[in-house]
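Reading through the structure tokens given below for one structure.
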Amino acid sequence: PTVTSPCKILKCNSEFWAATSGSHHLGTEEAPEFCTALRAYAHCTRRTARTCRGDLAYHSAVHGIDDLMVQHNCSKDGPTSQPRLRTLPPGDSQERSDSPEICHYEKSFHKHSATPNYTHCGLFGDPHLRTFTDTFQTCKVQGAWPLIDNNYLNVQVTNTPVLPGSSATATSKLTIIFKSFQECVEQKVYQAEMDELPAAFADGSKNGGDKHGANSLKITEKVSGQHIEIQAKYIGTTIVVRQVGRYLTFAVRMPEEVVNAVEDRDSQGLYLCLRGCPLNQQIDFQTMRSAQATEGRARRKGPSLPAPPEAFTYETATAKCREKLPVEDLYFQSCVFDLLTTGDVNFMLAAYYAFEDVKMLHSNKDKLHLYERTRDLAPGNTAAMGTHPTLWVTLLCLSQCWLRLL
């Protein structure tokens, strides 16, 4: 692939790493040697710039070179030299298995620069969406919808009604497509459905195929039939898929650089993890609470509406959710909402595991909990996501009292 690929950034990377192995610990007396190798690296990237225009590794290398030039006080003008090729010691199989460097996101793209900024997206329950920008929505989105769509990865979910005649939906099918990437992985497809959570890709394999960096994409079964994890190290991405009750949950940790890697962002279609659900597909918690109360009265008057498997009142749903979710954030409120809507106690577990995945995958531990914004403030003056739930309840009560006075 190195010979046939028109983009030669992999060759530039490997030559630079070979020339500077261990040199990021060099003293100042050897800095000129590092700068010489760095200029050679820059010259190599310029030669392949035209054929690497859409390559993520190329753009990362260019930014990395600029950062290193500043860090080491290197001049862009000066001598360049061919790198000293470093031979592997006998039996150094681990280094061979990790090669090429391009197949490990942090090692290849950010070896000498700052840690990449990771983002999180999750989908669970009836269904509830947490986007890469930490926006939290409850949506209808029945049928097939794209969660992620970029140059490296596609994720699509299918949501089906939980009960006949109900607007409540949950994820019954998930398809993940990992696109072929340089020397690292072949295209791989992962599919999960209700009562079928495989621990392998659709072709039966558990890694990225026959390419040299195949192990940079791996599936691990955490709990048989209930929990799998996919590590895509070549794009710095971790995906968690669970089956809770009959339905699926999805969570991902992905670098911002990969999230935004699209050819034409302006003309890109809907992408739920990035753009959220369309307005006509969003459900408002407060409106639905009133609707649930009306539906409950309708059930008592006649059998026309389908009844959930177990009837929860607001008090019993709240008590049940508090068993697993003691903080009354949006995960807690989602749990209450789902129990009232579906009557299925497994939705409490879905909210619980969704929050557990956030704790594992979200890079900012101060943003684990999200709290509902009030609807009664002027546009453009919404409450912050971090508003304490007690303040939110107080504001809601005051607004309801004001409405009664009117």
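When Leu325, Leu349 are checked against the criterion of being surrounded by fewer than 24 Cβ atoms within 10 Å (Cβ to Cβ) and within 21 Å of the chain's Cα centre (by Cα), a single residue qualifies: Leu349. Quick check, is Asp338 modelled with pLDDT under 95, open to solvent by 20 Å² or more (accessible area, probe 1.4 Å), assigned to a helix (DSSP H, G or I) and not assigned by the TED database to the domain that holds Leu163? Judged against the criteria, Asp338 is not a match.
Restricting attention to strands (runs of 3 or more DSSP E) lying wholly within segment 145-229, give those where 2 or more residues are in contact (Cβ under 8 Å) with a residue 60 or more places away in the chain and on the phi > 0 side of the Ramachandran plot. Full working, then the answer.
Details: elements: 153-161, 169-178, 188-193, 217-223.
Fully inside segment 145-229 and qualifying: nothing.
What about Val62, is it surrounded by 14 or more Cβ atoms within 10 Å (Cβ to Cβ), at pLDDT 80 or above and assigned to a loop (DSSP other than H, G, I, E, B)?
On the way: surrounded by 14 or more Cβ atoms within 10 Å (Cβ to Cβ): yes; at pLDDT 80 or above: yes; assigned to a loop (DSSP other than H, G, I, E, B): no.
In short, no.
Which ones in segment 206-231 are of a type in the set (Gly, Ala, Ser) and in contact with an Asp or Glu (Cβ under 9 Å, 6 or more places away or on another chain)?
Of all residues in segment 206-231, those of a type in the set (Gly, Ala, Ser) come to 208-209, 213-214, 216, 224-225.
Listed by number, the residues that qualify are Gly208, Gly209, Gly213, Ala214, Ser216, Gly225.
Of all residues in segment 143-172, which are of a type in the set (A, V, I, L, M) and either open to solvent by 10 Å² or more (accessible area, probe 1.4 Å) or farther than 30 Å from Ser216 by Cβ (or both)? Spell out the reasoning first.
As a first pass, look at segment 143-172 and keep what is of a type in the set (A, V, I, L, M): 144, 147-148, 153, 155, 157, 162-163, 168, 170.
Ala144, Val162, Leu163, Ala168, Ala170 - these are the residues of segment 143-172 that are of a type in the set (A, V, I, L, M) and either open to solvent by 10 Å² or more (accessible area, probe 1.4 Å) or farther than 30 Å from Ser216 by Cβ (or both).
When Phe250, Phe136, Phe181, Phe132 are screened for being over 19 Å from Ser334 (Cα atoms), surrounded by 15 or more Cβ atoms within 10 Å (Cβ to Cβ) and aromatic (Phe, Trp, Tyr), only Phe181 passes.
Would you confirm whether or not segment 313-326 contains a residue that is at pLDDT 90 or above, under 26 Å from Ile228 (Cβ atoms) and in contact with a strand residue (DSSP E or B) (Cβ under 8 Å, 6 or more places away or on another chain)? No, every residue in segment 313-326 fails to be at pLDDT 90 or above, under 26 Å from Ile228 (Cβ atoms) and in contact with a strand residue (DSSP E or B) (Cβ under 8 Å, 6 or more places away or on another chain). For segment 210-233, a tally of residues being of a type in the set (Asp, Glu) and under 21 Å from Lys107 (Cβ atoms) returns 1.
Taking segment 195-223 as the range and being of a type in the set (A, V, I, L, M) and open to solvent by 60 Å² or more (accessible area, probe 1.4 Å) as the test, the residues that pass are Ala202, Val223.
If I filter segment 178-188 for residues that are β-branched (Val, Ile, Thr) and touching a helix residue (DSSP H, G or I) at 6+ places or on another chain (Cβ under 8 Å), do I get at least one hit? Yes - at least one qualifying residue is present in segment 178-188. Criterion first (assigned by the TED database to the domain that holds Ser166 and either at pLDDT 95 or above or part of a helix (DSSP H, G or I) (or both)) does Val258 satisfy it? In short, yes.
The values are calculated or read from the model by the stated rules, or taken from the named source; none is laboratory data. These numbers come from a predicted model, not from an experiment. Using ideal geometry, Cβ is built from the backbone for each residue, glycine included, and neighbour counts are taken over all protein chains shown. To get the accessible areas, we keep the full protein, side chains included, count just its heavy atoms, and leave off ligands, DNA and RNA. Shrake-Rupley method; radii C 1.70, N 1.55, O 1.52, S 1.80 Å.
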